[in-house]
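Here is the structure we will look at, set down as structure tokens.
Nothing in this text is a laboratory measurement; each read-out follows from the coordinates by a stated rule. It should be emphasised that the depicted structure is a prediction, and the values quoted were computed from it without experimental measurement. Counting neighbours? That spans all protein chains shown, and the Cβs are built from the backbone with ideal geometry, glycine included.
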Amino acid sequence: MMQRRRALTLGILLATTALAGCRREEAPPLPANDAAGASAPSQAFSSASANSLAPRSSVTSRKIIRQAELELEVAAPGATQTSIERLAEQRGGYVVSATRNTENGAAIDVRVTVVVRVPQAELMATIGELKRMGRGVGSERITSDDVTDEYLDLAARTSTQKQLEQQYLEILKRAVTVKDAMEVQKQLAEVRTEIERMQGRQQLLEKESAFSTLTVHLTAAVPQLAVTSTGFSGAVRRAWSDSIELSADMISGGIRLVSLLVPVFVLVVLPCGLLIWAARRVGRKRRAALLPQ
């Protein structure tokens, strides 16, 4: 019984050592004289690392995430939005979002932003179709992010973690006591969590690289007004009408100003003037009476 428990404890230590080594970066190869004296856990980890490199050769296509953005000036942004959505579906993509902005509560859309996702192989062809729908204004931007190395590293690490999981399962079969079984199950849970996290990241990279994001800003084209004789005569008539209205407003304002000043003159200015005149007259009479005859 003691020998079985010692073997089980040694197995747990070896698996734990391999798990800690998988979470670190790959170590450089050992020299020949050091390899002979390496411990058993190091040999097991080296074997697992060599096997984990196998998935790298199986992945031949590069994982590149592309995003594009452009701005077009069109006659009817709302109608063009429908055409873009239909084009994305024809190319095997789908619509992510669409926003419309109007000016001063008008019913006509003056700016529309459409975000679609199309297969990576159809991105450039889709952009070419969009450019034929309107006139390009502003800047056009296409960005690429190569995530191939991250994807390959995740694949290798996932393979190593799966091998480690199998080792823990074998150790769990040989567990004798409940304490030993609980310890192995704890290590198994940690390994399974790490596997699921890396697989989720791999799936995200596959999805992002398979479809490219395309953002299109649509603005309403401003019509150019042509100067015609009819338009010129209409402008003259409007100017004459505006001048008449302005003159009428000025006359009306003058009448209102006079109507406001007359009561002020009668009630304030005129009485004050009379008082001043009377006071000066009385003063002159007094000065004349004081002079010698």
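Output the residues belonging to segment 119-171 that are small (Gly, Ala, Ser) and touching a helix residue (DSSP H, G or I) at 6+ places or on another chain (Cβ under 6 Å).
ALA155, ALA156, SER159
Conditions (1) of a type outside the set (Lys, Arg); (2) surrounded by 14 or more Cβ atoms within 10 Å (Cβ to Cβ); (3) under 15 Å from LEU72 (Cα atoms); (4) within 22 Å of the chain's Cα centre (by Cα), marked per residue:
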position	(1), (2), (3), (4)
ALA121	yes, no, no, no
LYS131	no, no, yes, no
SER139	yes, no, yes, yes
ALA155	yes, yes, no, no
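Across segment 171-190, which residue is surrounded by the fewest Cβ atoms within 10 Å (Cβ to Cβ) among those that are part of a helix (DSSP H, G or I) and in contact (Cβ under 8 Å) with a residue 40 or more places away in the chain?
GLU190
Pairs under 6 Å by beta carbon, first residue more than 23 Å from ARG135 (Cα to Cα) in segment 200-221, partner in a strand (DSSP E or B) and among the hydrophobic types (A, V, I, L, M, F, W, C), six or more apart or different chains?
Between residues of segment 200-221 that are more than 23 Å from ARG135 (Cα to Cα) and residues that are in a strand (DSSP E or B) and among the hydrophobic types (A, V, I, L, M, F, W, C), the close pairs are GLU208/ILE65; SER209/ILE64; SER209/ILE65.
Taking the condition closer than 30 Å to SER144 by Cα and of a type in the set (A, V, I, L, M), does VAL178 pass?
no
What is the one condition in (1) surrounded by fewer than 12 Cβ atoms within 10 Å (Cβ to Cβ); (2) more than 26 Å from the chain's Cα centre (by Cα); (3) outside any helix (DSSP H, G or I) that THR143 does not satisfy?
(2)
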